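Worksheet: the structure to be examined is printed underneath.
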Amino acid sequence: PTKIPSLLVNGSAGIAVGMATNIPPHNLNEILHACIAMVDNPTIEIEALMQYVPGPDFPTAAIINGTRGVREAYRTGRGRVHIRARTEIETDPRSSQESIIVTELPYQVNKARLLEKIAELVKEKKIEGISALRDESDKDGMRMVIVLKRGEVPEVVLNNLYKQTQLQTVFGINMVAIEGGRPKLLNLKEIIQAFIRHRREVVTRRSLFELRKARERAHILEGLATALANIDEMIALIKAAPSPSEAKSALLTQHWPATMITDMLSAAGADASRPEGLAPEYGIVEHNYILSPVQAQAILDMRLHRLTGLEQDKIIDEYRAMLDDIARLLSILKEPDNLMAVIRDELVAMQHEYGDNRRTEIIDDHLDLTLEDLINEEEMVVTISHAGYAKTQQLDTYQAQRRGGKGKSATAMKDEDFIEHLFIANTHDTLLCFSSTGKVYWKKVYELPQGGRSARGKPIINLLPLEAGEKINAVLAVRSFEADQYIFMATESGTVKKTPLVDYSRPRANGIIAVDLKAEDKLVDVALTSGNADILLFSSAGKVIRFNEQDVRSMGRISRGVRGMRINPGEKIISLIIVHEDDGAILTATEFGYGKRTLLSEYRVQGRGGQGIISIQTSERNGQVVGAVHVQEMHQIMLITNGGTLVRTPVEDVSIVGRNTQGVTLINLTKGEKLVGLERVLEVDNND
């Protein structure tokens, strides 16, 4: 006869023939609140009950991720609850190394097995970015430490752990219970209703039992009270009897005055203290009281000390109290409201005595959110080296320098390696990575490892499923795949191609064909266009051609493209620029560190497929052209050398001159060092 709905509070799990049950544990305080609410309002709806019971409460605490499954289970009896470990990110103040700290595990997850599983996944390289595992649990609580490698994004590693380990589990709620002798799937309201029916039956049976015992005791006290009211006659009768049996018979045949008993029974009723099954010839009969055999025996068994005045008062007081208790029990049995009041009072008493606070936290539903929603939006410098090492750095790592500065090292490069791709992208952008074989791969910016200026990064072959000999030649950062946008491509041979952006909106794990390349041809660059922009192609020989995008029709992904610019043997296309109006200037840089700005208006529109016009002189001093960008006065540029050095310079420091000129010094190079590329910085910090 439990006073709490233990099926909900303790939970239950079991399997039988053709059926199973799996009920999670709940918070006692919350469940009792719901029971009290149903006692107060039997027609209460499930939604109202869920205000008192928001979800399961597991002894291991942890976090319930979303209420959708909980609400479904409470409404229908079945649902799936996602439980996550409680974690936090800690940074070592000395080494700046980050760690994931686990302090609470999902329900029924074994810590030792979990650590073994994580270690196994790390060993098999199914989860990367973890350098060490430690169990620092002690008497103060659980503490599991997952040490990350430098440059790893903690949220990315944690998300992989959620997907592949029991740091996130699913509790399948299936609330099957026996009701009316049959198994039945119950919702939250039905379980609480069944418990209240059970309590009603228990309290009723208990009250009947207590009433029977109270009447039996009151019957004895009634006989003793009658004896005390007629004590002298009783003693004389007993003394005159030759034996106890004859004394008992004399007591039974004697008619005693019933005035006192009648007065005390007036409030409770003449039959209030009459036990069940008592023969009608006993008790009050025609204003006299006739003792029953049980009463007569109790009188004979009474000790003499109970004849004292104090003991007599105790008997009378106990009799009156018993009559009050009988009246209370009768009111419980006769009035349903009184019965429910008893049930309610007992629930409140249990709540006050044993109720405690919730352990398991319930958070908003993140199941439909991508990992991207957990990553802060910020601008990052993305670098990919010639040897295929990729990393990201926060943009504010680089402060602006004056023209001609020596710069800072962007990446630790080996002698044979240098930075080949550098661009600015938001952490939420999707990177479309175009390879030397004409395929395109997808990667989120936040999935790239972060590193300091001296870090090389991570081999991109470990980030993308590249084939042997395949190399990333162009990368495009995309925020959203709009229907009216296109991807415009240019190859070293001067071929161009335009494809709708939406053709690349469905990521494939192994990449897809982006362009059909000729032998020995390579993809130079890709750009987003609106379908009505002007295209500028720059060659290594210092020439440029400008034509309208409408000269190139939209094509499918696997087509080869059309001629964009005619170039001579030994030359190649080095830059692709998209413009919409004659605003700003073109900044061109050469391999020996020289460059210039020329107003965009000096580049006239021509027909597609020509040789173009001179953009900058390629002299012995300048060398070949390595890059060209479209800039405004407030922009800054980043220059990259094959030695891994990067310098950030305000555009306003570079002189504006005509097309057919050599330019000024952009960066001071060391002996044997060459400029290999430049990139425009869109947002800058004006502090030097």
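So how many residues does region 629-679 have that are touching a helix residue (DSSP H, G or I) at 6+ places or on another chain (Cβ under 8 Å) and either in a strand (DSSP E or B) or crowded, with 18+ Cβ neighbours inside 10 Å (or both)? Outline the logic, then answer.
If we filter region 629-679 for residues that are touching a helix residue (DSSP H, G or I) at 6+ places or on another chain (Cβ under 8 Å), which is where we start, we get 630-637, 658-659.
Add one more test, that the residue is either in a strand (DSSP E or B) or crowded, with 18+ Cβ neighbours inside 10 Å (or both), and what stays is 630-631, 635-637, 659.
Total meeting the criteria: 6.
Which of the numbered conditions does ILE15 fail, given that it passes all the others? Conditions: (1) without any contact (Cβ under 8 Å) to a residue 60 or more places away in the chain; (2) buried (at least 16 other Cβ atoms within 10 Å of the Cβ); (3) aliphatic (A, V, I, L, M); (4) outside any helix (DSSP H, G or I).
(2)
All but one of (1) more than 19 Å from the chain's Cα centre (by Cα); (2) closer than 27 Å to GLY457 by Cα hold for ILE100; which doesn't?
That leaves (1) as the condition not met.
Which one of these does LYS518 not meet: (1) over 28 Å from SER540 (Cβ atoms); (2) surrounded by fewer than 15 Cβ atoms within 10 Å (Cβ to Cβ)?
So LYS518 meets the others, but not (1).
Among the strands (runs of 3 or more DSSP E) contained in region 34-128, which hold 3 or more residues that are surrounded by fewer than 17 Cβ atoms within 10 Å (Cβ to Cβ)? Give the steps one after another, and end with the answer.
Numbers: elements: 63-65, 78-84, 86-91, 98-104.
The qualifying strands (runs of 3 or more DSSP E) are 86-91.
Just to be sure I understand, how many residues within region 477-497 are within 14 Å of GLY438 (Cα to Cα) and either part of a strand (DSSP E or B) or without any contact (Cβ under 8 Å) to a residue 60 or more places away in the chain (or both)?
Residues meeting the conditions: 8.
Would you pick out the residues in region 498-517 that are among the hydrophobic types (A, V, I, L, M, F, W, C), within 21 Å of THR430 (Cβ to Cβ) and outside any strand (DSSP E or B)? So that I can check it myself, show each step before the final result.
To start, the set of residues in region 498-517 that are among the hydrophobic types (A, V, I, L, M, F, W, C) comprises 501-502, 509, 512-515, 517.
Still in the running and within 21 Å of THR430 (Cβ to Cβ): 501-502, 509, 512-515.
Correct list: LEU501, VAL502, ALA509, ALA514, VAL515.
Determine whether ALA474 is in contact with a Leu (Cβ under 9 Å, 6 or more places away or on another chain), aliphatic (A, V, I, L, M), in contact (Cβ under 8 Å) with a residue 40 or more places away in the chain and crowded, with 21+ Cβ neighbours inside 10 Å.
Details: in contact with a Leu (Cβ under 9 Å, 6 or more places away or on another chain): yes; aliphatic (A, V, I, L, M): yes; in contact (Cβ under 8 Å) with a residue 40 or more places away in the chain: yes; crowded, with 21+ Cβ neighbours inside 10 Å: yes.
Here the answer is yes, as ALA474 does meet what is asked.
Condition test on ALA218, is it more than 60 Å from the chain's Cα centre (by Cα) and surrounded by 12 or more Cβ atoms within 10 Å (Cβ to Cβ)?
Details: more than 60 Å from the chain's Cα centre (by Cα): yes; surrounded by 12 or more Cβ atoms within 10 Å (Cβ to Cβ): yes.
Spelling it out, ALA218 is indeed more than 60 Å from the chain's Cα centre (by Cα) and surrounded by 12 or more Cβ atoms within 10 Å (Cβ to Cβ).
Could you tell me how many of the residues in region 504-516 are farther than 19 Å from TYR486 by Cβ and of a type outside the set (D, E, K, R)?
Number satisfying all stated conditions: 3.
Looking at LEU576, LEU587, which is the one that is over 29 Å from GLY438 (Cβ atoms), among the aliphatic types (A, V, I, L, M) and crowded, with 17+ Cβ neighbours inside 10 Å? Walk me through how you get there before you give the answer.
Numbers: LEU576 fails: over 29 Å from GLY438 (Cβ atoms).
Only one candidate qualifies: LEU587.
Do we have LEU367 as at pLDDT below 85 and outside any loop (DSSP other than H, G, I, E, B) here?
Details: at pLDDT below 85: yes; outside any loop (DSSP other than H, G, I, E, B): no.
No; evaluated as a whole, the condition is false for this residue.
The values are calculated or read from the model by the stated rules, or taken from the named source; none is laboratory data. Here the structure is a predicted model, which is why all the values come from computation and not from measurement. A quick note on method: Cβ atoms are made from the backbone with ideal geometry, for glycine too, and the neighbour counts reach across all protein chains shown.
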